[in-house]
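The values are calculated or read from the model by the stated rules, or taken from the named source; none is laboratory data. Predicted, not measured: the structure shown is a model, and the values here were computed from it. Cβ coordinates were reconstructed from backbone atoms using ideal geometry, including for glycine residues, and neighbour counts include every protein chain displayed. These accessible areas exclude ligands, DNA and RNA; they are computed on the full protein's heavy atoms, side chains included. Shrake-Rupley method; radii C 1.70, N 1.55, O 1.52, S 1.80 Å.
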Amino acid sequence: MIFKRRDKRLTFLRIKEFLLPKKGWKRALDYVVYRLKRLPDTPHKISVGLAMGVFSSFTPFFGFHLVVAGVLAYVFNGNIVAALLGTFFGNPITWPFIASFSVNLGQILLGRELSNFETVLEQFIHAGEAIWQGFKAAFGSGQSDWDFVFLFFNQLLLPYFVGGLLLGAVVSLLSYLVFRPIIYAYQKARAKKKRKKSRRFSRSESSLKQGS
């Protein structure tokens with residue numbers, strides 16, 4: 001592998017801070033489920049939107065996943081809100097695995113040497129630090145390491161892009177096939193519950209009128 005480690009191993013503290021947010025992920029998951037239950041659209045459009053959000057999570061366009069998901073949902077006539085919610089598939093817990101598998105798949109397709117999980121994670125963190133240092137150096141603070149950044153783009157980001165497209169297409173298709181029947185069943189059950197409630201209300205109202 002062309003990259004060399006700065007440190008022998010990633011520290012446990014850095015991994016913990018990267019993977020575990022202070023407030024936890026249960027609240028975010030509850031919010032996504034809550035919003036999905038209330039989307040006023042067909043199961044097909046909601047599932048397409050979710051699939052586009054999942055797909056965008058496999059692209060290396062960090063910071064622009066919401067934009068990518070929204071554009072793809074619009075192009076494929078999916079629910080845009082569902083697409084934005086679908087980007088939650090890519091989070092600090094799943095991202096290391098998404099990145100590692102996408103990079104390795106891209107390296108296989110491009111005929112390059114494979115990177116291990118820890119190397120991929122470490123080099124992404126290192127590249128982020130190098131880009132930040134480069135911006136600070138442009139304003140006269142510190143030294144830049146753009147050679148590493150360009151090397152990173154060629155050796156890791158390009159394979160990530162290639163592998164992410166293929167892997168994202170497969171996973172997003174599977175997500176559509178999984179979510180569509182679940183959403184259809186939920187909407188059907190919810191509509192049935194509303195009809196029962198409406199009939200009970202109508203009977204109650206009729207009883208009150210007869211009693212008066």
### Query
Any idea how far apart Val170 and Tyr186 come out in nm if each label point goes 7 Å out from Cα toward Cβ?
2.7 nm
### Rounded FRET efficiency, nearest 0.05, which uses the C-beta distance separating Arg38 from Tyr74 and R0 of 25 Å
0.75
### Query
Which ³J(HN,Hα) values, rounded to whole Hz and listed in residue order, are derived for the range 179-187 from phi using the Karplus coefficients 6.51, -1.76 and 1.60 in 6.51 cos²θ - 1.76 cosθ + 1.60 with θ = phi - 60°, glycine and proline given as x?
6, 4, x, 5, 5, 4, 5, 5, 5
### Task
Beta carbons within 10 angstrom, averaged per residue: use that to sort the peptides 89-100, 39-50, highest first.
39-50, 89-100
### Task
From largest accessible area down, sort Tyr160, Tyr74, Tyr176; use a 1.4 Å probe on the protein chains.
Tyr74, Tyr176, Tyr160
### Message
Using the basic label-point model (7 angstrom from Cα toward the beta carbon), what is the Arg200 to Asp30 distance in nanometres?
### Response
2.5 nm
### Query
Within the set Lys45/Lys197; Lys45/Lys188; Lys45/Lys192, which residue pairs have Cα atoms separated by over 19 Å?
Lys45/Lys197; Lys45/Lys192
